[in-house]
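To start, the structure under review is shown below, and the notes come after it.
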Amino acid sequence: MSRTSIYIHWPYCLSKCPYCDFNSHVAHKKIDQEDFLELINKEINYHKDYLNDKKISSIFFGGGTPSLMDPYVVERILMHLSSQSKITRNTEITIEANPTSVELKKFREYSKIGINRISIGVQSLNNDDLKKLGRTHTAELAIEAVGIAQSYFKSVSIDLIYARPGQSEKSWQLELEKALSLQTQHLSLYQLTIEPKTLYEKLYNLGKIELPSEQLSNKLYQLTEEICGRFFLKKYEISNFSKKGFECKHNLNYWNCGEWIGIGPGAHSRVKAGNKRRRSLINEYDPNNWGEKIRNYGYSFIEDIVLTDEQNQDEYIVMSMRTKNGLNLSKFQNLGGKLNRDNINSLITEGYLITDKAEKNIKITKKGSLVCDSIIKNILN
C-alpha cells in the first residue's frame, strides 16, 4: 500500500493581514459550514479511485484560518477520508490556528477528534509589532494559547516572523528566547518580505515601511540558528527547526517531492502519472467559483498537466536543497537529471555547498543558507 498526504484548504479569515499573499478571503458574512463540508467531501469523492489503495501519512488543514471551522466539520472530513483511504494512529494530522480567544475554546475538541499536531500563528511576542502586522491577538494571548495547546496535542509548532521593521539583534534575541522557553517542539520561521498586491507593498512603495538591511537580516537568521540550538531545536529545512522526532511529516513530503492531494479552493496536488512522471493539479482559487465547479463536476482544476522531465528535475532541486539532507544524486539521476559539475565544484570551493562522505548528497552549508535562493538558481543554470 503506497503512501500519500492530504491538504485541506479553508480559505476564510476574520481579517486580511497586510503582508499576506496566501489564498485567503475575509468572511464578510457567516460561512455556511455545512455547505463547505458537503463540497469538501464531494471533492474527496472525486479522488476516491486514487485514495482507495493509499495509506495516509499526513493530513494538513491550512488556510486561511482553518481553526475557524467547527470541530464537527473537521471530524466529518476526517471520517470521510477514513472511509476512502487508510488513516492510522501514526498519521500526522495538523491544523493551523490563531491564538484568539474564540479559537482557544476549540483546542480540546480538536484533540478529541484526532488532531494530533497544531501550528499556532504567533508571529511575534511584541504587541506593537503584532498591531503593525495586522494580527488580532496579543503576546499574552499567544503565550496562553501555546500553554493550552501543549496540554492537548502531541506536537505544538509556532510560526514567527523576523526581519520586521525596526527589529534589532538584541530585541530578536529576547523575543526568540521567550518564545522557545515555552518549550514547543517545532518552530517555523518566516522572513518578512514585501509580496505583490498586498497592503504592505503599497506602504513600502510609499516609503512608509523600511525593512532591515540584508546584512542585519542575515545576522538575525544566524542568531536564530544559535538560539534554537541552545533549546535543542535543530534546523531540518531552511525555515524550520524542531526537536528530534517532531519534524513536520507533511512538509517533509513536499520537500522530498512525494505525492499529495490538495482539497479546497486554490489547493495544489502532485500525483504519479506513469514512470517517473508527476501530474500537477491546481484548483480554482476563488471560493465561490470553486464551490460552483465542485457542485457541477466534482472537481475545479484550472491546471491539469503532466510535468516534463525538466520540470520534475527543477522541482526536485528547488525542494531538496532547502532540506538538511540536500539533493540525493542517485535520485536526481533517476529523474534523468545532469548537474553542471563546474558550477557545483565552484560552489563547494567557495564554501556554499558540501558533499557527504560518500558523495551521495549535495547540501547547502551555513554560509550557503544565507543566500539559499541564489545558490538554487545557480544550480538550475
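Where a number appears in this text, it was derived from the coordinates with a stated rule and is not lab data. If you're wondering where the values come from, they're calculated on a predicted model, not measured in any experiment. Glycine also receives a Cβ, built like all others from the backbone with ideal geometry; neighbour counts cover every protein chain displayed.
Odds and ends about this structure:
- Segment 123-235, dipole about Cα centre (Lys/Arg Cβ +1, Asp/Glu Cβ -1), debye to the nearest 20: 160 debye
- Rounded if a/c under 1.5, otherwise prolate or oblate - segment 160-201, Cα gyration tensor axes: oblate
- Given charges at Cβ of Lys, Arg, Asp, Glu: the chain dipole, positive-most of Leu203, Asn41, Asn275: Asn275
- Within the chain, percent of DSSP bridges classed antiparallel, to nearest 5: 40 percent
- Shown is the FRET efficiency for Glu303 and Ser101, computed with R0 = 35 Å from the Cβ-Cβ distance and rounded to the nearest 0.05: 0.35.
- Each residue of segment 221-229 was assigned a 3J(HN,Hα) from its phi angle through the Karplus curve 6.51 cos²θ - 1.76 cosθ + 1.60 (θ = phi - 60°); the sequence is 5, 4, 5, 4, 4, 5, 5, 4, x Hz, with glycine and proline shown as x.
- Ellipsoid fit via the Cα gyration tensor, the chain: semi-axes of 31, 29, 20 Å, each the root of five times an eigenvalue, largest first.
- For a straight C-alpha distance cut-off of 21 angstrom, the lysines reachable from Lys202 (same-chain residues fewer than eight places away being disregarded) are Lys16, Lys131, Lys132.
- Ignoring lysines fewer than eight residues from Lys249 along the same chain, the ones with Cα atoms less than 18 angstrom from its Cα are Lys54, Lys55, Lys86, Lys154, Lys234, Lys235, Lys324.
- Cα gyration tensor, segment 232-381 - rounded (a/c under 1.5), prolate or oblate: prolate
- Additional length obtainable on full extension of the chain from Lys208 to Lys338, 0.36 nm per residue less Cα span: 42.2 nm
- Within-13-Å neighbourhood charge of Leu307 [Cβ basis; K, R +1; D, E -1]: -1
- Taking the chain as a Gaussian network of alpha-carbon nodes connected by springs under 10 Å, the highest mean-square fluctuation of the residues Gln123, Gln183, Gln333 belongs to Gln333.
- Cα shape, segment 1-60, gyration tensor, a/c 1.5 rule: oblate
- Segment 249-295, relative contact order [Cα under 8 Å, separation at least 6], %: 27 percent
- Per-peptide average of other Cβ atoms within 10 Å, ordering 284-297, 157-170, 63-76 highest first: 63-76, 157-170, 284-297
- The chain - charge dipole about Cα centre, Lys and Arg +1 at Cβ, Asp and Glu -1, debye rounded to 20: 1040 debye
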